[in-house]
Amino acid sequence: WLQFGVISPEGAEIARRGWAVEWVNDAGLSGKTINPGLRRALDLCETGQADGIVVAKMDRLARSALHAADIVEAARRQGWNLIVLDLGIDLATPQGRAMAQMLAVFAEFEREMIATRTRDALAQRKRQGLPIGRKRLVRPELVRRIVLERESGRSFGAIAADLTASRLMSPSGRPTW
């Protein structure tokens, strides 16, 4: 078993169940992304080098329902266990699987709400005549030149070499394209 997160609460549970654990910790790092320790734990589970992951609290594993649901789905698909002590999730039990399924439902709802808010915000900007997306970093005449050269069969590499030879700065302000 791999243990990920804070040591204290799960220590007693690990001892009670008699698990052999390898402690993995991303101390001081945010749970918004998959940090190195968690990535290592997930990789060990995926490759069959560990039976599962135990965490004291869900926020030690993931900061969003989306992220947590993705990890739960990976555990289910790859055949390893996930135990989240504060929520009573243990994918080896019917109750734990039910809790994980509820988490997945709310994660799907969250994804759909984000998509709806994004669509609504873009439609509002369009109605107001405001630009959508990033400001273009390349002048329109240069875009036209690149498009015409590409349509004539030139490769991006050849076009980039010509732009560099013409001493035109790249959109990032570099002398090479």
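The values are calculated or read from the model by the stated rules, or taken from the named source; none is laboratory data. What you are looking at is a predicted structure, and each value in this text was computed from that prediction instead of being measured. Neighbour counts run over all protein chains shown; Cβ positions are idealised from the backbone, glycine included. Just the protein is used for accessible areas: all its heavy atoms, side chains included, with ligands, DNA and RNA removed. Shrake-Rupley method; radii C 1.70, N 1.55, O 1.52, S 1.80 Å.
Could you work out how far the C-alpha centroid of region 26-96 sits from that of region 115-151, in angstrom?
A separation of 39 Å, based on Cα centres.
State to the nearest 20 debye the size of the charge dipole of region 87-155 about its Cα centre, where the only charges are +1 on K and R beta carbons and -1 on D and E beta carbons.
740 debye
Given Cβ point charges of +1 (Lys, Arg) and -1 (Asp, Glu) and nothing else, what value in debye, to the nearest 20, does the dipole of the chain about its Cα centre take?
Result for the chain is approximately 1320 debye, rounded to the nearest 20.
Go through region 108-125 residue by residue and turn each phi into a ³J(HN,Hα) via Karplus (6.51, -1.76, 1.60, θ = phi - 60°); whole Hz please, and just put x for glycine and proline.
5, 4, 4, 4, 5, 5, 4, 4, 5, 4, 5, 4, 4, 5, 5, 5, 5, 4
What angle do you read, to the nearest 10 degrees and between 0 and 90, between the alpha-carbon axis of helix 36-46 and the longest principal axis of the chain?
So the helix axis and the longest Cα principal axis differ by about 70 degrees.
Using the charge dipole of the chain (Lys, Arg: +1 at Cβ; Asp, Glu: -1 at Cβ; taken about the Cα centre), state which of T118, S170, L42 has its Cα farthest towards the positive end.
The Cα lying farthest towards the positive end belongs to S170.
Suppose accessible area is computed on protein heavy atoms with a 1.4 Å probe; arrange W177, W80 from highest to lowest. It would help to have the intermediate numbers written out before the result.
On the way: W177 90, W80 15 Å².
The ordering from most to least exposed comes out as W177, W80.
Would you mind giving the three semi-axes, in whole Å and largest first, of the ellipsoid equivalent to the chain according to its Cα gyration tensor?
Numbers: eigenvalues 460, 102, 43 Å².
Three semi-axes, in Å: 48, 23, 15.
For region 29-82, what is the charge dipole size about the Cα centre, in debye to the nearest 20, if Lys and Arg each add +1 at the Cβ and Asp and Glu each add -1 at the Cβ?
200 debye
Amide H to amide H, which residues 5 or more places from E22 or on other chains are under 5 Å from it, using H placed in the peptide plane?
Long-range HN contacts for E22: L2, Q3.
Toward the positive end of the charge dipole of the chain, about the Cα centre and with charges on Cβ (Lys, Arg +1; Asp, Glu -1), which of V143, G157, A92 goes farthest?
V143
Compute the length gained on full extension between R150 and D51: take 0.36 nm times their separation in residues and subtract their Cα-Cα distance, giving the result in nm to one decimal.
Gain in length upon complete extension: 30.4 nm.
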